[in-house]
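The values are calculated or read from the model by the stated rules, or taken from the named source; none is laboratory data. All values reported here derive from a predicted model rather than from experimental measurement. Here the Cβ positions follow ideal geometry from the backbone for every residue, glycine too, while neighbour counts run over all protein chains shown.
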Amino acid sequence: MRRTMLFVPGNSPNLLMNFDILGADSVILDLEDAVSPAEKDSARILVRSMLQTMGDTGCEVIVRINPVDTDFWKEDLREVVKCCPSMIMPTKVGGPETVKQVADYIGQLEKEYGIPEGTVGIIPLIETALGVENAFAIAGADKRVRAMLLGGEDLTADLRCKRTKEGNEIFYARSRMVCAARACGIDVYDTPFTDVNDMEGLRKDAELAKSLGFSGKSSISPGHVAAINEIFSPTQEEIDYAHEVMDTIEEAKRQGKGVVALRGKMIDAPIVNRAKQVIEMEEAMFGGVRQ
Amino acid sequence: MSKLISSIKEAVELCGIRDGMTVSFHHHMRNGDKVLNMVMEVIAEKGIKDITVNASSIFDCHEPLIGYMKDGVVTGIECGYMGAKVGRAVSRGMLKNPAVFRTHGGRASDMIKGTSHVDVAFVAAPSADCMGNCTGKYGKSACGSMGYAFADAQTADKVVVITDNLRPYPLSGFSIPEVYVDYVVEVDEIGDPKGIVSGTTQITRDPVGLRIAQYAAEVIEASGLLKDGFSFQTGAGGATLAAAKYVKEKMLAGGIKGSFGMGGITGYMVDMLNEGCFESLIDVQCFDLKAIESINNDPRHMEVSAEQYAGVSGRSAAVDSLDVVLLGATQVDTDFNVNVHTDSNGYIMGGSGGHSDTAAGAKLAIILAPLVRARLPLITDRCHCISTPGSTVDVVVTQRGIAVNTSIEKNRQLEEALKAKGLPVVDIKELKAIGEKITGVPKPIKQGDKVIAKVLYRDGTLLDEIHQVAGE
């Protein structure tokens, strides 16, 4: 469970060696847009070296690779899969075949490197109209797919409309992605809010994303992380209630009761699942920065 | 009567400057200073040799000193801070005698105690009258406080005020009075305003610096010092100014009314004064235009001499009443000693300034620095140069952990308070290991035999020596 996914340029040593202290639950080390073609090789070596050096930091690592129609993506995977990142993010995913292509190569590399099969997951970046329409198929394309991310900037270019702070132009895409992801039982993350200085706009955008059902939100600015974390964190009341639910379930099990109620309401499977999510979120809070 | 004379050349002649003398300057014009270069040009033209330049700081704009070092015009430099250009030349062994570094407080006190003698002091003055009353608070080259120049004026055998804004007698709001001044010279420009101050001092956007700043503010809160009457000093750069932002937020949220802010003053500290965080500001040096405007207009914003700020020659100094100071470092060792003199290759690129004065005086001295800078770890077994002794440093804050100097008894309670707050307290040796895990263990810098600088502590005792860089 992640509230924030922070993009970190793959060619910035200072940020790479500090990615785990920026407060994000998860970081996306970027080998794609942040890195010019001339620096692709040095960036992937830098990212690999940094991951090998840092070891387990308590902050989840995702690596965004170059698109499958470029010469770079296989080399990207060859360097980084050996470090066992939590997930690989293929970009501009338009359909399930791209996911399969990447998944197959990851599988090949896992075998080659002696890594247990399925260690490295996939989080497709959906940023085209085709990708949005195929979101359900993409979400279910491979067992490695654990989450999806919406990329609003490229999507609006593809839709030939203007990207606005209000985000009406991506409302459909957001809703469709949430629906597709939930239907497949995976997490779904919202596009970054790109005005780094507009904190009020960020908060509104993140609150909207949360209200639509997103699991969390990506960010291009470390300055946005705290606000996103706050918005996607459960309230103390929600946390307390979740613990109460789980305690009640445990107690019922001990007493051999099949059906239990809390505060006069039957505790059914969706309530238990929600409680588990809240507790998981509580445990993930602070992104490993705080002890 | 008038003390006004026609030129710097006439001043040099009337003061009888000759081989072997010491001339002094202050650095309030910072990297825009023209006075040191103008005076030294005249001294060189007159064929005078073996001069010691005692300047409160040497900046890159003073690069012509390198030529005078080569020619034997300048054979000694005494200062509180030395920028990288002149620092590199000194590190290469180009200066005949070892440079002498003092703290800002120590420099003033050594002059007042008579252990540092100045033959002729040249005081760059943004406004002055014909009898030598002068101030930095206004004028086209305004620099605000002139705190570092007071001791020079008080103790030098001869004092020359050099101004580009000659005003009718008596000058209103003077800082240094005529009683100390022998001659006044009017010139076109004493400094380049662009180099004297920055327009506004910006808080860092570097996320690592901000993380360090957040931790520092948490340490201050946990110390119990952040309450009514709180006094505070912070620098103008990197994470230290950002920490002031978080401290301010805590003060405003808690309705805390501090007593004073001190130091080199930035616009940010002025904002804190105006928003009620402090009752007053104690200012030895202004860093930006907002600070200059404030010291000129607000009686709560007070100019002080370097001796009153941080000296040891008076019966007390303001640093003795300071609660918290935030300081930077290029290196920290496992005994908490701090280096702010040399760079990663052993070349001089700084100096203590008020670093060790404030660390010694403040109840809580916090060092803020990234654990890895460029290719090197911050923490080492022994600093290349000890600028501030570890016995005066309480806490080192990095983005990956906070090390508390528990060899100082009072800090044990602080360490417990930080742990109780959930802050990442780490032993300094462990912090060193974390940094070295990323960078590896750096090889020691190769040094030559020649001592090229002596670092004096604020009481005038020798703290460390800097050697020539090997192969230079």
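Matching residues to (1) among the aromatic types (Phe, Trp, Tyr); (2) crowded, with 17+ Cβ neighbours inside 10 Å; (3) within 24 Å of the chain's Cα centre (by Cα):
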{"site": "B:367", "(1), (2), (3)": "no, yes, yes"}
{"site": "B:378", "(1), (2), (3)": "no, yes, yes"}
{"site": "B:388", "(1), (2), (3)": "no, yes, yes"}
{"site": "B:401", "(1), (2), (3)": "no, yes, no"}
{"site": "B:412", "(1), (2), (3)": "no, no, no"}
{"site": "B:423", "(1), (2), (3)": "no, yes, no"}
{"site": "B:426", "(1), (2), (3)": "no, yes, no"}
{"site": "B:430", "(1), (2), (3)": "no, no, no"}
{"site": "B:435", "(1), (2), (3)": "no, yes, no"}
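Starting from residues that are more than 20 Å from the chain's Cα centre (by Cα) and in a helix (DSSP H, G or I), keep the ones in region A:15-39 and report whichever is surrounded by the most Cβ atoms within 10 Å (Cβ to Cβ).
Per the stated criteria, the residue is A:39.
Results for (1) crowded, with 21+ Cβ neighbours inside 10 Å; (2) farther than 21 Å from residue B:184 by Cβ, shown as yes or no for each residue.
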| position | (1), (2) |
| --- | --- |
| B:13 | no, no |
| B:28 | yes, no |
| B:74 | yes, yes |
| B:78 | yes, yes |
| B:95 | yes, yes |
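Might you check whether a residue that is assigned by TED's automatic domain parsing to the domain that holds residue B:307, within 28 Å of the chain's Cα centre (by Cα), buried (at least 21 other Cβ atoms within 10 Å of the Cβ) and not small (Gly, Ala, Ser) occurs anywhere in region B:438-455?
no
Do any residues in region A:194-207 that are more than 17 Å from residue B:206 (Cα to Cα) have Cβ atoms under 6 Å from those of residues that are not in a helix (DSSP H, G or I), where the two are at least six apart or on different chains, and which pairs are they?
A:201/A:165; A:201/A:195; A:202/A:193; A:205/A:193; A:206/A:217
Considering only region B:375-408, state which residues are more than 12 Å from chain A (Cβ to nearest Cβ), closer than 20 Å to residue B:220 by Cβ and charged (D, E, K, R).
Listed by number, the list holds a single entry, B:394.
Answer yes or no: is there a residue in region B:9-16 that is at pLDDT 95 or above and either within 22 Å of residue B:140 (Cβ to Cβ) or under 23 Å from the mean Cα position of the chain (by Cα) (or both).
yes
If I filter region A:51-74 down to residues being assigned to a helix (DSSP H, G or I) and over 19 Å from residue A:7 (Cβ atoms), which single residue comes out as modelled with the lowest pLDDT?
A:53
Using beta carbons and a limit of 7 Å, which pairs, at least six apart or on different chains, have the first residue in region B:422-448 and closer than 15 Å to residue B:396 by Cα and within 13 Å of chain A (Cβ to nearest Cβ) and the second one part of a helix (DSSP H, G or I) and acidic (Asp, Glu)?
Matching pairs, first to second residue: B:423/B:218; B:425/B:415.
Return yes when residue B:437 is at pLDDT below 95 and in a loop (DSSP other than H, G, I, E, B) and no when it is not.
no
So how many residues does region A:171-188 have that are under 13 Å from residue A:131 (Cα atoms), buried (at least 16 other Cβ atoms within 10 Å of the Cβ) and more than 14 Å from the chain's Cα centre (by Cα)?
So the count comes out to 4.
Select, from A:42, A:12, A:49, the only residue that is under 28 Å from residue A:150 (Cβ atoms) and either of a type in the set (Gly, Ala, Ser) or within 20 Å of the chain's Cα centre (by Cα) (or both).
A:12
Among the numbered criteria (1) surrounded by fewer than 20 Cβ atoms within 10 Å (Cβ to Cβ); (2) not in a loop (DSSP other than H, G, I, E, B), which one does residue B:150 miss?
(1)
Applying the selection to region B:409-419, what residues are without any contact (Cβ under 8 Å) to a residue 40 or more places away in the chain and either within 14 Å of chain A (Cβ to nearest Cβ) or touching a strand residue (DSSP E or B) at 6+ places or on another chain (Cβ under 7 Å) (or both)?
Passing the criteria: B:411, B:415, B:419.
Is at least one residue of region B:230-238 without any contact (Cβ under 8 Å) to a residue 24 or more places away in the chain and either within 14 Å of chain A (Cβ to nearest Cβ) or in a helix (DSSP H, G or I) (or both)?
Looking through region B:230-238, none of the residues is without any contact (Cβ under 8 Å) to a residue 24 or more places away in the chain and either within 14 Å of chain A (Cβ to nearest Cβ) or in a helix (DSSP H, G or I) (or both).
Pairs, please: C-beta under 6 Å, at least 6 apart or cross-chain, first residue touching a residue at least 40 places away in the same chain (Cβ under 8 Å) and in region B:1-25, second of a type in the set (S, T, N, Q)?
Pairs that qualify, where the first residue is touching a residue at least 40 places away in the same chain (Cβ under 8 Å) and the partner is of a type in the set (S, T, N, Q), are B:22/B:52; B:22/B:54; B:24/B:54.
Do any residues in region B:115-126 that are hydroxyl-bearing (Ser, Thr, Tyr) have Cβ atoms under 7 Å from those of residues that are modelled with pLDDT of 95 or more and in a loop (DSSP other than H, G, I, E, B), where the two are at least six apart or on different chains, and which pairs are they?
The qualifying pairs are B:115/B:460.
Search region B:331-364 for residues being within 15 Å of the chain's Cα centre (by Cα) and part of a loop (DSSP other than H, G, I, E, B), and hand back the single one that is surrounded by the most Cβ atoms within 10 Å (Cβ to Cβ).
B:352
A quick yes/no check of all residues on (1) assigned to a helix (DSSP H, G or I); (2) surrounded by fewer than 19 Cβ atoms within 10 Å (Cβ to Cβ); (3) within 13 Å of chain A (Cβ to nearest Cβ):
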residue	(1), (2), (3)
B:211	yes, no, yes
B:220	yes, no, no
B:242	yes, no, yes
B:256	no, yes, no
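Looking at region B:258-278 only, could you name the residues that are assigned to a loop (DSSP other than H, G, I, E, B), free of Cβ contacts under 8 Å to residues at least 40 places away in the same chain and closer than 17 Å to residue B:213 by Cβ?
B:277
Quick one: which helices (runs of 4 or more DSSP H) sit completely within region B:14-130 and have at least 1 residues that are more than 22 Å from residue B:148 (Cα to Cα) and in contact with a strand residue (DSSP E or B) (Cβ under 9 Å, 6 or more places away or on another chain)?
B:35-45, B:64-71, B:84-91
Give me a count of the residues in region A:1-46 that are of a type in the set (A, V, I, L, M), farther than 14 Å from residue A:218 by Cα and within 14 Å of chain B (Cβ to nearest Cβ).
Number of matching residues: 5.
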